[in-house]
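Peer 1: One structure, as structure tokens, below. Some questions next.
The values are calculated or read from the model by the stated rules, or taken from the named source; none is laboratory data. Owing to the predicted nature of the structure, the values given are computational and were not obtained by experimental measurement. Every residue, glycine as well, gets a Cβ built from its backbone with ideal geometry; the counts of neighbours run over all protein chains shown.
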Amino acid sequence: PVEDAGILSKVIAQRIIVTEIPAYNELAQLLANHLIKYPRSTVITTYALCGFAHVASLAIFIGGVAAVVPEKTKVLTQIGLRSLIAATLACFLTACVAGVFFTRTSILLN
């Protein structure tokens, strides 16, 4: 829901820039402080945070493969950025599907 979009977009951005662990901690704090209005927002955000699509994993990928094939570093950087975008979109797609299937009678949140 739109009312929760502003606060939860910061959590999702944190996952992309840092990692998923601080983002999940932030989500837990928001839930504990009752700052999220709709349970559906929690479900969608939880699925959006799943995965390893963040800058740190991109750096690990480029650094690891570039150590083996240093002459392909430029290509790896281009592929790495595209893969980061694709992986992020895949996480968002999973979150969309979870949002479609979430109902008020769902067992996920009582």
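Peer 1: If only one of T42, T73 is surrounded by 12 or more Cβ atoms within 10 Å (Cβ to Cβ), among the hydroxyl-bearing types (S, T, Y) and modelled with pLDDT of 90 or more, which one is it?
Peer 2: After applying the criteria, what remains is T42.
Peer 1: Go through the stretch 1-32 and give me each residue that's of a type in the set (D, E) and under 15 Å from S57 (Cβ atoms).
Peer 2: E20 - this is the single residue of the stretch 1-32 that is of a type in the set (D, E) and under 15 Å from S57 (Cβ atoms).
Peer 1: Right, something else. Among the residues of the stretch 1-39, how many are touching a helix residue (DSSP H, G or I) at 6+ places or on another chain (Cβ under 8 Å), surrounded by fewer than 19 Cβ atoms within 10 Å (Cβ to Cβ) and among the polar types (S, T, N, Q)?
Peer 2: 1
Peer 1: Tell me, please, whether a residue that is assigned to a loop (DSSP other than H, G, I, E, B) and closer than 17 Å to G99 by Cα can be found in the stretch 19-37.
Peer 2: Yes, that holds for at least one residue.
Peer 1: Go through A86, A90, A67 for me and flag whichever is more than 30 Å from S41 (Cβ to Cβ), out of contact with any Ser or Thr (no Cβ under 7 Å at 6 or more places or on another chain), modelled with pLDDT of 90 or more and assigned to a helix (DSSP H, G or I).
Peer 2: The unique qualifying residue is A67.
Peer 1: Of all residues in the stretch 39-55, count the ones that are in a helix (DSSP H, G or I) and either touching an Asp or Glu at 6+ places or on another chain (Cβ under 7 Å) or under 13 Å from T88 (Cα atoms) (or both).
Peer 2: 6
Peer 1: Hey, can you tell me all the residues within the stretch 46-70 that are among the hydrophobic types (A, V, I, L, M, F, W, C), out of contact with any Lys or Arg (no Cβ under 8 Å at 6 or more places or on another chain) and farther than 14 Å from A13 by Cα?
Peer 2: The answer is L58, A59, I60, F61, I62, A67, V68, V69.
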